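To start, the structure under review is shown below, and the notes come after it.
Laboratory data are not the source of any read-out in this text; all were calculated from the coordinates shown. This one's a predicted model, so the numbers in the text were calculated from it and none came from an experiment. All Cβ positions, glycine included, derive from the backbone under ideal geometry; neighbour counts span all protein chains shown.
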Amino acid sequence: MVLSLAWRNIIRQWHRSMLTIAAVAAGLAALIFLWGFNDGVHNTMMRNLQEVIVGSVQIHHNDFFKKPSLSRDIQQNNVLKVALKKAEDASQIKAVSWRLDTFALAVGDDVSEGLVLLGMNARAEEKTTRIAGKVDQGRFLQAGDGAVCVLGATAARNLGVTLGDDVIFLTQDRFGALAADKFQLIGIISSGEMGIDRGLAIVPLNVLQRMLEMDGRYTRVVLQIEPENLEAVTTSLRTSLADQDYEVLRWYDMYPMMKQWVDLENAFYYIFLAVVLLIVAAGIMNTVLMSMLERVREFGVMMALGCSRRILASMVVVESVILGGLGVLLGLAVGLALVTWFHSIGIDLSAEMDTVARFYVDPIVYTEIDSDHLWQTAGSVMAAAIIAAFVPVWRVTRLQPVEAIHHV
Amino acid sequence: MSEDMLLQATGLCKYYHSGDSDIAALDHVDFQLKKGAFTVLSGRSGSGKTTLLNMIGLLDNPDAGSLHIAGEDVLALATSARANFRLQRIGFVFQAYNLIRVLSARENVAYVLQLRGMPKKERLNIADRWLSEVGLDGLENRRPDQLSGGQQQRVAVARALACEPALVLADEPTANLDSQHGESLMHLMRDLNERCKMTFLIASHDPVAMAAALQCVYMQDGQIVSRDTV
């Protein structure tokens, strides 16, 4: 009875109801699209950071991240292998790459430059990161390479070297002795990220191990993990390696600024969401309150006939829920259609994004929406519709039958 | 209260504040109604007949006095219990018909039965029967705006009687009808009173209503000034 009466009352003022539903839908669709854009940018940034070079999780010797030193090395021992195997068996790890890195002085054409000398296994890295795809001159490392190197574009320019030139790296080996070797430049990376382009030289892992007297020793294990498994794998590894001299760090433990930036931007969106919710709630309240005020006499008659205030209040709430529910359904359909459409064609912002490209943002934004943002937003709009019924309900429950019946 | 007495009001008072003074809409009214009565409360506008009807219908509270209906002290009832008492015991017919606009004639009549929790099939059958009783065969599915004033008032009568209440209260039921429809409605109510043994209390100053009454009670300035039994 309540549902039937509420529905008929909505139909009775069809144009007004449609306007309200359309307003709710437009508000929700706009929010979903904005979340889609926001999540598209943020997820791309976070994915790029992890997939280009950092990985999702890294395992180091304790304190290596804060105080990097060759003395804080790790080896492929049983404890580490068992911990990794356990996560790999649960299909939670996509790829693993063992690396060795140290600080070095690079000498080019009469110029020297300090940078990070990073030893990578070409095959493992191909499965773990997309760093090879960032090479825009020459090529990336290949299995069987000898003393060759890949430099960031800025570093190569500063050193005055081009493809085929020799670059000498000076550093200290594991025992503190001077180590130096000559590498042929085979590739130049332009990633758009200053740290890579200016301060990185990549060489074959085995060559660097030999140069640094670090055979069988590494400084970090880089894991690539699906985002939904990140916390579980981290917890699992930390538990497995609890009593050992290892640190297990997520990407945002190492580079917290990006996550903080994402959290801050999301906070702005939540404020925006709150403003839109207020507008949605006001719109629904206006419709339901007007509808209620137009029917004061009818409510009075219903009370005189024996209808309880609880039933009348339920009817008002149900009207609000129907208006909100239809608006949410329509808004979800339109919003998701927009997100899906722009996910497939992208939004080209290349003209506006020259300077921010270094923050791992792609110039073409492909919208996507995190499920928690989608349901939080839809749920909040629905909640706003229910809250919007409070004022009309309050008015209904205070109606006196005799006054209501004679209401003009 | 004797067994054949349906309603007994004693010393009912109702005051409205106007500036610094109180105006007595009801001034110590004593009133009784027997079962099966067909009584018209008459008097000029402002005499207090609608106020008395609202008190008896539990739509308004008196400032003083007592009221017993079917042996129950109805003024002692809580709000929700009063709503339930109205649902179970009292039928209303209003001056302005006051049908629910989004419901058909049949649904308007069935509405009170639904409030009582009656199954759909049963309540629709009863609604059709009462619509037939008031001469609205074939108009069951029309909404109020598709019915004439007289037809709407007949639906309102059917709605008031569908629950077979102990007491039917009608406030100026003929006021919005022309004399022919007014007379027809009063005959219908009188006929139902005789056949169904329902008690009617009608507030009206329409001569047609008074002509149909078994008892006329005249009010003036919030007091009952005379009672005429036909």
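Once fully extended, how much extra length lies between A:S112 and A:R157, figured as 0.36 nm per residue of separation less the alpha-carbon to alpha-carbon distance?
Stretched out fully, the A:S112 to A:R157 stretch lengthens by 15.1 nm.
Cut-off 10 angstrom, C-alpha nodes, Gaussian network model of chain A. Which of A:I311, A:I279, A:I59 fluctuates the most?
In this elastic network of chain A, the residue with the biggest mean-square fluctuation among A:I311, A:I279, A:I59 is A:I311.
With both partners inside the stretch A:63-244, how many of the DSSP beta bridges are antiparallel, as a percent to the nearest 5? Write out the running numbers ahead of the final one.
On the way: 31 of 41 bridges.
The antiparallel fraction comes to roughly 75 percent.
Mind putting together the pair-distance distribution for the stretch A:207-271? All Cα pairs, 10 Å bins, whole percent per bin, short to long.
All Cα pairs, binned at 10 Å, distribute as 16, 32, 29, 16, 5, 1 percent.
Viscosity 0.692 mPa s, temperature 37 °C: give me the Stokes-Einstein translational D for the stretch A:63-244 in µm²/s, with Rh taken as the Kirkwood radius over C-alpha pairs.
Roughly 192 µm²/s, to the nearest whole number.
Would you work out which of B:A170, B:Y111, B:A64 lies farthest towards the positive end of the dipole of chain B, given +1 charges on the beta-carbon of Lys and Arg and -1 on that of Asp and Glu, about the Cα centre?
B:Y111
Assuming a strict under-25 Å limit between Cα atoms, what lysine pair count do you get for chain B once near-sequence pairs (fewer than 8 apart, same chain) are dropped?
7
How do the peptides B:68-80, B:36-48 rank, highest first, by the average count of neighbouring beta carbon atoms within 10 Å per residue?
Descending mean neighbour count gives B:36-48, B:68-80.
Along the stretch B:115-125, what does the Karplus equation 6.51 cos²θ - 1.76 cosθ + 1.60 (θ = phi - 60°) give for ³J(HN,Hα), rounded to whole Hz, x for Gly and Pro?
Per residue, the Karplus-derived 3J(HN,Hα) values read 4, 7, x, 6, x, 4, 4, 5, 5, 5, 4 Hz.
Ignore the peptide's own chain and count Cβ atoms of other chains within 10 Å of each Cβ in B:78-85; give me the average, rounded.
Rounded to a whole number, the mean comes out at 3.
So how many Å³ per residue does the convex hull of the Cα atoms of the stretch A:49-112 work out to?
For the stretch A:49-112, the hull spanned by Cα atoms encloses 130 Å³ per residue.
Toward the positive end of the charge dipole of the protein assembly as shown, about the Cα centre and with charges on Cβ (Lys, Arg +1; Asp, Glu -1), which of B:L185, A:I386, A:Y255 goes farthest?
Of the listed residues, the answer is B:L185.
Go through the stretch A:59-67 residue by residue and turn each phi into a ³J(HN,Hα) via Karplus (6.51, -1.76, 1.60, θ = phi - 60°); whole Hz please, and just put x for glycine and proline.
10, 10, 5, 3, 6, 4, 5, 7, 10
Note the angle between two axes, namely the Cα long axis of helix A:256-294 and the longest principal axis of the Cα atoms of chain A, as a number of degrees from 0 to 90, rounded to the nearest 10.
Here the helix axis deviates by roughly 10 degrees.
About the Cα centre of chain A, what is the dipole size in debye to 20, counting +1 per Lys and Arg Cβ and -1 per Asp and Glu Cβ, all else neutral?
Numbers: 34 positive and 42 negative charges, 362 e Å.
Here the size comes out at about 1740 debye.
Which values of log₁₀ I(q)/I(0), to two decimal places, follow from the Debye formula for the stretch A:264-408 at q = 0.18 Å⁻¹ with a uniform point scatterer at every Cα?
Cα-only, vacuum Debye calculation for the stretch A:264-408: -1.03.
With the Cα gyration tensor of the stretch B:5-229 in hand, convert its eigenvalues to equivalent ellipsoid semi-axes via √(5λ) and list them largest first in whole Å.
The equivalent ellipsoid of the stretch B:5-229 has semi-axes of 29, 20, 16 Å.
Across the stretch A:63-244, how many lysine pairs, 8 or more positions apart or on different chains, have C-alpha atoms separated by under 26 Å? Please give the number.
Lysine pair count for the stretch A:63-244: 11.
Have a look at B:K120, B:K14, B:K197 and tell me which one the Gaussian network model of chain B (Cα, springs below 10 Å) gives the largest fluctuation.
With Cα springs under 10 Å in chain B, the top fluctuation among B:K120, B:K14, B:K197 is at B:K120.
Where the only charges are on Cβ atoms (+1 Lys, Arg; -1 Asp, Glu), what is the dipole of the stretch A:1-67 about its Cα centre, to the nearest 20 debye?
Roughly 360 debye for the stretch A:1-67.
Compare the Cα positions of A:M285, A:Q376, A:F299 along the charge dipole of the stretch A:279-408 (+1 at Cβ of Lys, Arg; -1 at Cβ of Asp, Glu; about the Cα centre) and return the one farthest towards the positive end.
Checking the options against the dipole of the stretch A:279-408, the answer is A:F299.
Relative to 2.2 N^0.38 Å, what does the C-alpha radius of gyration of the protein assembly as shown come to as a ratio? Two decimals please.
1.65
With +1 on each Lys and Arg Cβ and -1 on each Asp and Glu Cβ, and nothing else charged, work out how big the dipole of the stretch A:46-123 is about its Cα centre, in Debye to the nearest 20.
Details: 10 positive and 9 negative charges, 108 e Å.
Roughly 520 debye, rounded to the nearest 20.
Per DSSP helix of 4 or more residues, -39500 (n - 2.57); summed, then divided by the residues of chain A. What does that give at 222 nm, rounded to the nearest 500?
Helix-only estimate at 222 nm: -17000 deg cm²/dmol.
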